[in-house]
Amino acid sequence: MSKDTKGAVVVEGRDIRRDYHVRGGLFTPARTVHAVKGVSFSVEKGKTLAIVGESGCGKSTLARIITLIDPATAGELFIDGRKIDIAAEPLTPEMRRKVQIVFQNPYGSLNPRQKIGDILCEPLVINTDVKADERRERAMSMLKKVGLGTEHYNRYPHMFSGGQRQRIAIARALMLNPSLLVLDEPVSALDLSVQAQVLNLLADLQDEFGLTYIFISHDLSVVRYIADDVLVMYFGEAVEYGSRDAVFSDPQHSYTKTLFAATPRADVESIRARLTRKNAA
Amino acid sequence: MPLLEIRNLTVSFETSTGPFMAVQGIDLSVEPGEVLAIVGESGSGKSVSMLAVMGLLPKTATVRADRMAFDGIDLLSLDPAQRRRIVGKDISMIFQEPIASLNPCFTVGFQIEEVLRFHMGMDRARRRARAIELFTLVGIPEPEQRLGSYPHQMSGGQCQRVMIAMAIACNPKLLIADEPTTALDVTIQKQILDLLMKLQAEHGMGLIMITHNMGVVAETADRVIVQYRGRKMEEADVLSLFENPKSNYTRALLAALPDNAVGDRLPTISDMMFEPAPGAA
């Protein structure tokens, strides 16, 4: 990682919008759903932007746009300073290599009929012309980097636990050396202790490869731990955007405040306060 | 006399590689009007022990206990017909996936009235009146109209309210909530937890809260049992559990909370030295 790229903006979105057109039926007129209504953000190299919101707020739609899976209806998306519009021109393998995604459900996102080695090599087969023996070598070293072993290369996904599968999904995303990794609720399907291990792994990999993360979550305690900047979405709009400390210490929007108030608190003072209230009642 | 008393409960499943012990010698008791939380990760046997109480385990399961009594009635000696008269009436359960646990073929009104017909023998008019009353109680707007809705027409949070309405329809003495808010957003989770705590206080029900979320424990429980791999690691009142955890496993669980992160790494369970489970050689 050369020094001069530090602080460079890896991904920037300007007023990104996405509408879905729902076709009408016999009795229902056609309508347009505004899933994302003009969201702007930018993330510097090596930083983590967390996108927070409840189900249906448009955070996964935004993730699909950033990952270059779906085009935006309007607005501009820049990756590594280059404007990208996949609706106008087809996505090149070079652009595909820059952005990768890890999905929420490690049970659904790995092909049960592929061996781990094939799962890891597939991005290289599709997007590069790396030879087979080098693909194998790279897959082996990536397995070690995410805390698995080379003996796992020939196994199938059903032989792994949820936490291990999420490691495999992360390994697959890193095979192309991306500069930007979109993590769509990567730990919400995992147990607390496994969640801690995967979060540690993500932190280590970020240091090692200088990765930039877009971390989508609804769990504020995880966001507080991992994020540099926080973007709160509500019904497709960015209602709050700022550094983690600013958002957590002084939330401006009423929805952010509701979100904080609703998050269960696990510290001793809160428990004591609750028990006092209960005994008084 | 405790409402529910279990001594030395063991549940094993017949598998192709020999019996698998899901629960190994759990003792627990719940007093009337008490909130007991059972915490553990997936596979710790927390749901299985409660399904054993309800008699809902599949035929491959073998349930053994020195004593399993509800309200003075020995549950082990009941035949299925006698058990059905208690389950759903005096003990009822709320499951994790609200949409999956309702029958998609019938209106929610039909499903809630079925409970009232079977257990309370109410006539049509009284069933309907009680169903409306219950829907009002759990905070479903426009209850008369909603009785005619099918589960797919309602949101996850609304379906969970329907499940709660069904569970409290016969004024149970004991309510078992198995991960009642895991599938829901934090703001909805807060509403559902507040509702459960309000109903519990008003009706003086015993409540068993099965969860893996330490925040939910902190917000609801009077007493907590921590389970790991089918064994009880610790039992304590909620304040001393958080303030001064006795077992290493509990300490590790609390340390893995992102809220408690010190520096930029989270301690994980494997970092902690592991104590042998009580009773293990």
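Quick notes
- When the criteria are applied in full, A:Ser217 fails the requirement of being of a type in the set (S, T, N, Q), within 13 Å of chain B (Cβ to nearest Cβ), free of Cβ contacts under 8 Å to residues at least 12 places away in the same chain and crowded, with 19+ Cβ neighbours inside 10 Å.
- Residue match in the range A:84-93 (condition: surrounded by fewer than 19 Cβ atoms within 10 Å (Cβ to Cβ) and touching a Lys or Arg at 6+ places or on another chain (Cβ under 8 Å)): no
- The listed residue being surrounded by 18 or more Cβ atoms within 10 Å (Cβ to Cβ) and within 25 Å of A:Ala281 (Cα to Cα), out of B:Leu147, B:Leu207, B:Leu184: B:Leu207
- Single residue of A:Ile126, A:Ile168 found to be in contact with a Lys or Arg (Cβ under 9 Å, 6 or more places away or on another chain) and more than 14 Å from chain B (Cβ to nearest Cβ): A:Ile126
- Restricting attention to the range A:16-74, the residues that are under 18 Å from A:Leu183 (Cα atoms), polar (S, T, N, Q) and either exposed (fewer than 14 other Cβ atoms within 10 Å of the Cβ) or in contact (Cβ under 8 Å) with a residue 40 or more places away in the chain (or both) total 5.
- Any hit, the range A:242-265, residues being over 22 Å from B:Leu184 (Cα atoms) and assigned to a strand (DSSP E or B): yes
- Selection within the range B:33-54: residues that are modelled with pLDDT of 90 or more and not in a helix (DSSP H, G or I). The member of this set that is nearest to B:Ser247 (Cα to Cα) is B:Val39.
- Selection from the range B:223-258 of residues that are touching a residue at least 60 places away in the same chain (Cβ under 8 Å) and either within 8 Å of another protein chain (Cβ to nearest Cβ) or in contact with a Pro (Cβ under 8 Å, 6 or more places away or on another chain) (or both): B:Arg231, B:Lys232, B:Val238, B:Leu253
- Wholly within the range B:61-178, helices (runs of 4 or more DSSP H) carrying at least 1 residues that are among the acidic types (Asp, Glu), at pLDDT 90 or above and at negative phi: B:108-115, B:124-137, B:143-146
- Within the range B:190-214, the set of residues being within 12 Å of another protein chain (Cβ to nearest Cβ), more than 26 Å from B:Thr10 (Cα to Cα) and either assigned to a strand (DSSP E or B) or touching a residue at least 12 places away in the same chain (Cβ under 8 Å) (or both) comprises B:Gln191, B:Ile192, B:Leu193, B:Met197, B:Gln200.
A quick yes/no check of all residues on (1) touching a Gly at 6+ places or on another chain (Cβ under 7 Å); (2) within 15 Å of A:Ser40 (Cα to Cα); (3) of a type in the set (Phe, Trp, Tyr):
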site: A:Leu62; (1), (2), (3): no, yes, no
site: A:Ile65; (1), (2), (3): no, yes, no
site: A:Ala74; (1), (2), (3): no, yes, no
site: A:Leu77; (1), (2), (3): yes, yes, no
site: A:Ile86; (1), (2), (3): no, no, no
site: A:Gln100; (1), (2), (3): no, no, no
site: A:Pro106; (1), (2), (3): yes, no, no
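The values are calculated or read from the model by the stated rules, or taken from the named source; none is laboratory data. It should be emphasised that the depicted structure is a prediction, and the values quoted were computed from it without experimental measurement. Cβ: placed from backbone, ideal geometry, glycine included. Neighbour counts: every protein chain shown.
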